[in-house]
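The values are calculated or read from the model by the stated rules, or taken from the named source; none is laboratory data. Everything numeric in this text was worked out from a predicted model, so none of it was measured. Ideal geometry is used to build each Cβ from the backbone, glycine not excepted, and the neighbour counts take in all protein chains shown.
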Amino acid sequence: MSLISHLDEAVAVIRSKSPLTPVVGVVLGSGLGAWAERLEEHVVLPYSEIPFMPVSTVVGHAGKLWIGLANGVPVACLQGRVHLYEGHAPERAVFGARLLARLGCRAALLTNAAGGTRPTFQPGDLMLLRDHLNLTGQNPLVGPNEAALGPRFPDMTHAYDRRIAALAREAAADAGVPIHEGIYAGLLGPSYETPAEIAMLRTLGADAVGMSTVHEVIALRHMGVRCGAMSCITNLAAGLSPTPLDHAEVEATARDSRDRFTALLSAWVKKVGAAITGG
Ligand code: HPA
C-alpha cells in the first residue's frame with residue numbers, strides 16, 4: 001500500500017470523529033503539550049487509534065491528535081511527536097506532519113525545545129526560526145517520490161514562510177512576549193552535543209540546537225504547506241553553561257515558559273488562520 005492510501009485511511013478515521021476541516025496545523029514539542037487542552041469543540045485521538053501513526057516513547061510527549069477551534073480557527077494539533085532517535089525511519093517519523101497537510105492544513109506552526117548556542121540566550125527565551133540546518137544526515141523524502149504529494153526535488157529557499165514569520169512578530173508584540181530569531185540546527189540525538197560540537201555549530205551559524213522539526217518541515221514543504229516554527233530555549237547548549245544537561249530540566253524550563261508560549265501561540269494561530277482563509 002502507498003503512503004497516500006495510508007494517509008487517507010488515517011484521515012477517514014479522524015473525519016469520522018470530528019466534522020471540522022482544520023486549516024492550521026500545530027506541533028507541540030517537549031513540555032509544551034498543554035496548549036492543546038484549550039481547544040474548543042475538541043476531539044482527541046490517541047496516536048494508537050490512528051492507522052499507521054507512529055507512537056512516541058519519550059516522557060513528556062503525550063501522543064495525541066487534537067482537532068478543535070483556537071480563537072475560532074479550525075486546527076489540528078499534534079500533542080507530542082516521534083523522533084528519529086527512537087528508531088523511527090525518517091519517512092515514518094513525519095507521518096503526523098503529513099497527516100496535518102492531508103487533513104487540509106495549509107499552514108503549520110511547529111514548536112520545540114532547544115538548546116541555545118548563542119551565548120546571550122537565557123533559558124526560557126523563545127526563538128522564531130528563520131531557517132534550519134538539517135544535520136541529521138537523513139531526509140524523510142528519501143525513496144520513491146509520491147508525485148501526487150509533491151515534487152521530487154522540493155525547493156527549500158522559503159522553508160520558513162516569511163509572512164508567517166511576520167505574523168509571529170506581530171503576535172509576539174500583541175501578546176507582550178519578547179522573541180528572538182535565529183537558525184535551528186536539527187541533529188539526530190539522543191545524546192546531547194559535546195562542547196566541541198556546539199562550538200562547531202556556532203561557526204556554522206546555528207543559534208539553537210534540537211532533535212526535531214527539520215524533517216517535519218521538509219515533509220510539509222514537500223506537500224506545499226507553509227511553515228513557521230518557534231523554539232523554547234530550555235537550556236544553554238553544552239559548554240556554554242557549567243551544569244550538565246538533563247531532560248527533566250529541559251521539560252521543567254519548557255513548562256515554566258508555558259504561559260508565555262501558549263499566549264504567543266494562540267495569538268499566532270489566530271493571525272495565521274485569518275491570513276490563510278483570507279479573513
Ligand atoms: N541539545 C539538543 N536538543 C535539545 C537541547 C540541547 O541542548 N535542549 C533541548 N533539546
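At a glance:
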{"item": "Selection from region 90-148 of residues that are β-branched (Val, Ile, Thr) and within 14 Å of the ligand (Cβ to nearest atom)", "result": "111, 117, 136"}
{"item": "Residue match in region 145-153 (condition: touching a Ser or Thr at 6+ places or on another chain (Cβ under 7 Å) and at negative phi)", "result": "yes"}
{"item": "Test: residue in region 142-159 that is polar (S, T, N, Q), at pLDDT 95 or above and over 23 Å from residue 268 (Cα atoms)", "result": "yes"}
{"item": "Pairs, first more than 14 Å from residue 29 (Cα to Cα) and of a type in the set (Val, Ile, Thr) in region 241-262, second assigned to a helix (DSSP H, G or I) and within 14 Å of the ligand (Cβ to nearest atom), C-beta under 9 Å, six or more apart", "result": "243/249"}
{"item": "Region 203-216: number of residues that are within 16 Å of the ligand (Cβ to nearest atom) and in a helix (DSSP H, G or I)", "result": "3"}
{"item": "Filtered residues of region 234-267 (kept if over 17 Å from residue 117 (Cβ atoms), hydrophobic (A, V, I, L, M, F, W, C) and in contact with a Gly (Cβ under 7 Å, 6 or more places away or on another chain))", "result": "254"}
{"item": "Verdict on residue 100 being at pLDDT 95 or above and touching a Pro at 6+ places or on another chain (Cβ under 9 Å)", "result": "yes"}
{"item": "Those residues of region 113-124 which are charged (D, E, K, R) and in contact with a Pro (Cβ under 8 Å, 6 or more places away or on another chain), in sequence order", "result": "none"}
{"item": "Index of the failed condition, residue 137 passing every other in (1) on the phi > 0 side of the Ramachandran plot; (2) modelled with pLDDT of 95 or more; (3) touching a helix residue (DSSP H, G or I) at 6+ places or on another chain (Cβ under 8 Å)", "result": "(3)"}
{"item": "Any strands (runs of 3 or more DSSP E) falling wholly within region 1-106 and containing at least 1 residues that are surrounded by 24 or more Cβ atoms within 10 Å (Cβ to Cβ)", "result": "24-28, 64-70, 73-79"}
{"item": "Condition check for residue 259: more than 10 Å from the ligand (Cβ to nearest atom) and surrounded by fewer than 19 Cβ atoms within 10 Å (Cβ to Cβ)", "result": "yes"}
{"item": "Selection count, region 222-238, where residues are of a type in the set (Gly, Ala, Ser) and within 8 Å of the ligand (Cβ to nearest atom)", "result": "2"}
{"item": "Residue count for region 141-171, restricted to those that are outside any loop (DSSP other than H, G, I, E, B) and either of a type outside the set (A, V, I, L, M, F, W, C) or in contact with a strand residue (DSSP E or B) (Cβ under 8 Å, 6 or more places away or on another chain) (or both)", "result": "8"}
{"item": "Tally, over region 174-190, of residues that are more than 13 Å from residue 126 (Cβ to Cβ) and assigned to a helix (DSSP H, G or I)", "result": "1"}
{"item": "Hits in region 162-180 - residues which are in contact with a Leu (Cβ under 9 Å, 6 or more places away or on another chain), modelled with pLDDT of 95 or more and buried (at least 16 other Cβ atoms within 10 Å of the Cβ)", "result": "164, 165, 168, 171, 172, 179, 180"}
